[in-house]
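Structure, as structure tokens:
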Amino acid sequence: MIRVVLAEDQSMVRGALASLLGLEPDIEVVGEAANGDEVIAVAEATTPDIALLDIEMPGRDGISAAEELRRRVPGCRVVILTTFARPGYLRRAMEAGAVAFLVKDSPASELAAAIRRVLRGERVIDPGLAAAALSAGPNPLSPRERDVLSAAADGSTINDISLRLHLSEGTVRNYLSAAIHKTGARNRIEAVQKAQAQGWL
């Protein structure tokens, strides 16, 4: 049996996924979690073959959960399943150790087939998303520019961001300016929107 844990914050979706996978003769759902923090503990307790993770969840998101699972449950392969087909998410997920990236509107039979392929050591990526990621190119933002832009997403002032990230106000302005330039935005609000739309944050 292929042992799978699920992490999905919407309980109805999580229940539907568990039921669909439970119909497969060779797949067993051995644990469920409502967020990225919870799935680490569930995976450590159940030692699954596969962790099926949503990206956008409360607390730790699916990408950072994938990174943590790679460290703490190294035998577990991560499959990202998301509504958000953003090219930047794909790149970040692969860098975090995910071996498959699928969108939620794929048929259930494709998900089961992808899980089997991953267990055989293959990488599985939604073809449309792979093409979009290649045409979009790499994330132009440095890690620090991403941090500052993420901190600006809630409308925080330069002073707020500098205190939160332990940077001088001048440094925050420099990072924001660079991020605005790299995203081709007119201001930081637009830079945040463009970066989020690409999955760079």
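The values are calculated or read from the model by the stated rules, or taken from the named source; none is laboratory data. Bear in mind that the values here come from a model prediction, so they are computed numbers and not experimental data. Methodologically, a virtual Cβ is constructed for each residue, glycine included, from the backbone with ideal geometry; neighbour enumeration extends over all protein chains shown. Please note that ligands, DNA and RNA were not included when accessible areas were found on the heavy atoms of the full protein model with its side chains. Shrake-Rupley method; radii C 1.70, N 1.55, O 1.52, S 1.80 Å.
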Region 82-103: number of residues that are touching a residue at least 60 places away in the same chain (Cβ under 8 Å) and within 21 Å of Met12 (Cβ to Cβ): 1
Show me the helices (runs of 4 or more DSSP H) found entirely inside region 132-201 where at least 3 residues are over 25 Å from Met94 (Cα atoms) and open to solvent by 60 Å² or more (accessible area, probe 1.4 Å). 158-165, 169-183
Could you list, in sequence order, all residues of region 25-44 that are under 22 Å from Ser150 (Cα atoms) and open to solvent by less than 40 Å² (accessible area, probe 1.4 Å)? Asn35, Gly36
Going by what's in this entry, would Ala45 be described as modelled with pLDDT of 95 or more, within 21 Å of the chain's Cα centre (by Cα) and hydrophobic (A, V, I, L, M, F, W, C)? no
Name the single residue that is farthest from Ile63 (Cα to Cα) among those in region 80-114 being of a type in the set (D, E, K, R) and outside any loop (DSSP other than H, G, I, E, B). Glu110
I need every pair where a residue in region 45-68 that is open to solvent by 40 Å² or more (accessible area, probe 1.4 Å) has its Cβ under 8 Å from the Cβ of a residue that is hydroxyl-bearing (Ser, Thr, Tyr) and not in a loop (DSSP other than H, G, I, E, B), sequence separation at least 6 or different chains. Glu56/Thr82
